[in-house]
Amino acid sequence: MHQVIVWRNELSVGREDIDEQHKKLVSLINWLSTEITHDSHSAIGQLLGALVQYTVYHFGYEERLIEEGCYPQTDAHKKEHQDFIEFMVQKQQAWEANEQINLDELGRFLRRWVIRHICGTDKDTMKWIEVMEEKRASKQQTSPP
Ligand SMILES: [Fe+2]
């Protein structure tokens, strides 16, 4: 029995758009965690590719929000994203080159990474953005026409 991430309220960052993207990310990671039993090299290669592609899209989306919100730790957040993508691209290329990869270990790493990133970095960032958006909205309301 392979472990999977079950979506729960603690994983919510309080924004529907980001939560939906995180659910998709989690389902790709879960898929990778269960697909290994089928032992198909090309299916796993495709999954690794899909995971890279989706994280590039999702991180890009998040980073636009972060930059618009002038989050003070933008660079640190982006660095976490960048390191993750580099790591995943490396794994994907190694897989395509038929190098040995411990998929159990990779699955465990991905599950841990995504939970830690969502519950730490993303939640902190989204809280900041929410406050900034509220401030902006109240300024618009109080400023004279
Ligand atoms: Fe993030």
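Table for the structure above
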| item | result |
| --- | --- |
| Residues of segment 106-118 satisfying the condition of being touching a residue at least 60 places away in the same chain (Cβ under 8 Å) and either away from the ligand (no atom under 11 Å from the Cβ) or touching a Lys or Arg at 6+ places or on another chain (Cβ under 6 Å) (or both) | L106, G107, R108, L110, R111, I115 |
| Flag if G107 is at pLDDT below 95, under 20 Å from K23 (Cα atoms), assigned to a helix (DSSP H, G or I) and within 21 Å of the chain's Cα centre (by Cα) | yes |
| Candidate set: segment 70-98, residues that are over 19 Å from the mean Cα position of the chain (by Cα), in contact (Cβ under 8 Å) with a residue 40 or more places away in the chain and in a helix (DSSP H, G or I); chosen: the one surrounded by the fewest Cβ atoms within 10 Å (Cβ to Cβ) | E96 |
| Residue match in segment 55-69 (condition: among the hydrophobic types (A, V, I, L, M, F, W, C), assigned to a loop (DSSP other than H, G, I, E, B) and either touching a residue at least 60 places away in the same chain (Cβ under 8 Å) or in contact with a strand residue (DSSP E or B) (Cβ under 8 Å, 6 or more places away or on another chain) (or both)) | no |
| Which numbered condition V56 fails, given (1) surrounded by fewer than 12 Cβ atoms within 10 Å (Cβ to Cβ); (2) under 30 Å from R136 (Cα atoms) | (1) |
| Any hit, segment 32-50, residues being under 15 Å from the mean Cα position of the chain (by Cα), closer than 21 Å to L11 by Cα and either free of Cβ contacts under 8 Å to residues at least 60 places away in the same chain or within 16 Å of the ligand (Cβ to nearest atom) (or both) | no |
| Qualifying residue in segment 9-16 (condition: under 21 Å from A94 (Cβ atoms), under 16 Å from the mean Cα position of the chain (by Cα), at pLDDT 90 or above and of a type in the set (A, V, I, L, M, F, W, C)) | no |
| Complete set of residues in segment 20-35 that are surrounded by fewer than 17 Cβ atoms within 10 Å (Cβ to Cβ) and either touching an Asp or Glu at 6+ places or on another chain (Cβ under 9 Å) or at pLDDT 95 or above (or both) | E20, K23, K24, S27 |
| Checking I101 against (1) away from the ligand (no atom under 15 Å from the Cβ); (2) farther than 15 Å from S33 by Cα; (3) assigned to a loop (DSSP other than H, G, I, E, B), the condition it does not meet | (2) |
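The values are calculated or read from the model by the stated rules, or taken from the named source; none is laboratory data. The shown structure was predicted, so the numbers you read here are calculated from the model rather than taken from an experiment. In this analysis, Cβ positions are derived from the backbone assuming ideal geometry, glycine residues included, and neighbour counts consider all displayed protein chains.
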